[in-house]
Amino acid sequence: MNESLNKTTRPGNSPGGFFITGTDTDVGKTYVAGCIAHTLIQKGYQVIPRKPIASGCIKQADGSLLSEDALFLQQSCQSNESLQTICPYQYEPPISPQTAIERAGLVISTQDLLTACQASSQLEEGDFLLVEGAGGFYSPICSDGLNKDLAQALGLPVILVVKNQLGCINHTLLSLAAIEQAGLKAHSIILNFSNETNHAQGLENWTNLPVHKVQHEESLTLQTIRDFQL
Ligand SMILES: Nc1ncnc2c1ncn2[C@@H]1O[C@H](COP(=O)(O)OP(=O)(O)OP(=O)(O)O)[C@@H](O)[C@H]1O
Ligand SMILES: C[C@H](N)[C@@H](CCCCCC(=O)O)NC(=O)O
Ligand SMILES: [Mg+2]
């Protein structure tokens, strides 16, 4: 790991950040990341958000692009950094970022995304870097890498967001196997929409990781994640 990123790993065993991945796109990574930020802020931490690349951005009247993920993260982390800093690489088509970059005639590397996540001037001991990927752990995130590769470059513990739907046990175990194979620590699983019929019942027979719950919340009010340990 390069020297400046060592700042994201605090002394002892407590992590200085998390990489937020999911069993798929659209499973609730951004909303859950907001809930994690809310939980950490309540514990007294400052949380620094990054969504280093976003596709599916919204074209504004002035022609600029808005990443709704970056905006939600900025607000839920109570960040005073600009959206451009939180999410420097933005693309309009709602497709794999690698394809979006290619269509724009550009090349963006894993190293570029790593640099975007290096919040060096802001990050102090005790702060948390919260990095949301794009898609799932094996989704391509840039010209030369998957979410896996960015997570490895960051070396942060990984939180897996799981959408509570039939089939989610399979998706969870596949994702955890991939995280383990990448040599990364899986921190926890967060079951989103947990208050509906529990399709993850029995998952605890196959993993020792903590499984936290986030409920369906139509208003997207941020929820405190109970028993969330660093
Ligand atoms: N617990 C929840 N209660 C109500 N709505 C939710 C909840 N979690 C997610 N949503 C909604 O579901 C949709 C997908 O959630 P979200 O954008 O967080 O997913 P994502 O995994 O970050 O997607 P992407 O892959 O695009 O980054 C959004 O419209 C979001 O507002
Ligand atoms: C458009 C989506 N919302 C998302 C990209 C998902 C790519 C999934 C690619 C795949 O695994 O097939 N973009 C993003 O999170 O910025
Ligand atoms: Mg998102």
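List of remarks:
- Residue in the range 144-153 that is more than 16 Å from ligand 3 (Cβ to nearest atom), assigned to a strand (DSSP E or B) and modelled with pLDDT of 95 or more present: yes
- Top-ranked residue of the range 44-92 - restricted to ones that are part of a helix (DSSP H, G or I) and among the charged types (D, E, K, R), ranked as surrounded by the fewest Cβ atoms within 10 Å (Cβ to Cβ): Glu68
- Exactly one residue out of Ile95, Ile141 is buried (at least 24 other Cβ atoms within 10 Å of the Cβ), β-branched (Val, Ile, Thr) and not in a helix (DSSP H, G or I), and it is Ile141.
- Filtered residue count, the range 148-186, keeping only those that are farther than 10 Å from Thr21 by Cβ, in contact with a Gly (Cβ under 8 Å, 6 or more places away or on another chain) and polar (S, T, N, Q): 1
- Taking the conditions (1) surrounded by 15 or more Cβ atoms within 10 Å (Cβ to Cβ); (2) at positive phi; (3) without any contact (Cβ under 8 Å) to a residue 24 or more places away in the chain in turn, Gly155 satisfies each one other than (3).
- Phe137 meets each of the listed conditions (1) under 27 Å from Val211 (Cα atoms); (2) more than 16 Å from ligand 3 (Cβ to nearest atom) apart from (2).
The values are calculated or read from the model by the stated rules, or taken from the named source; none is laboratory data. Treat the numbers as computed from the prediction; the structure is a model and nothing was measured. FYI the Cβ positions are ideal-geometry reconstructions off the backbone, even for glycines, and counts take in every protein chain you see.
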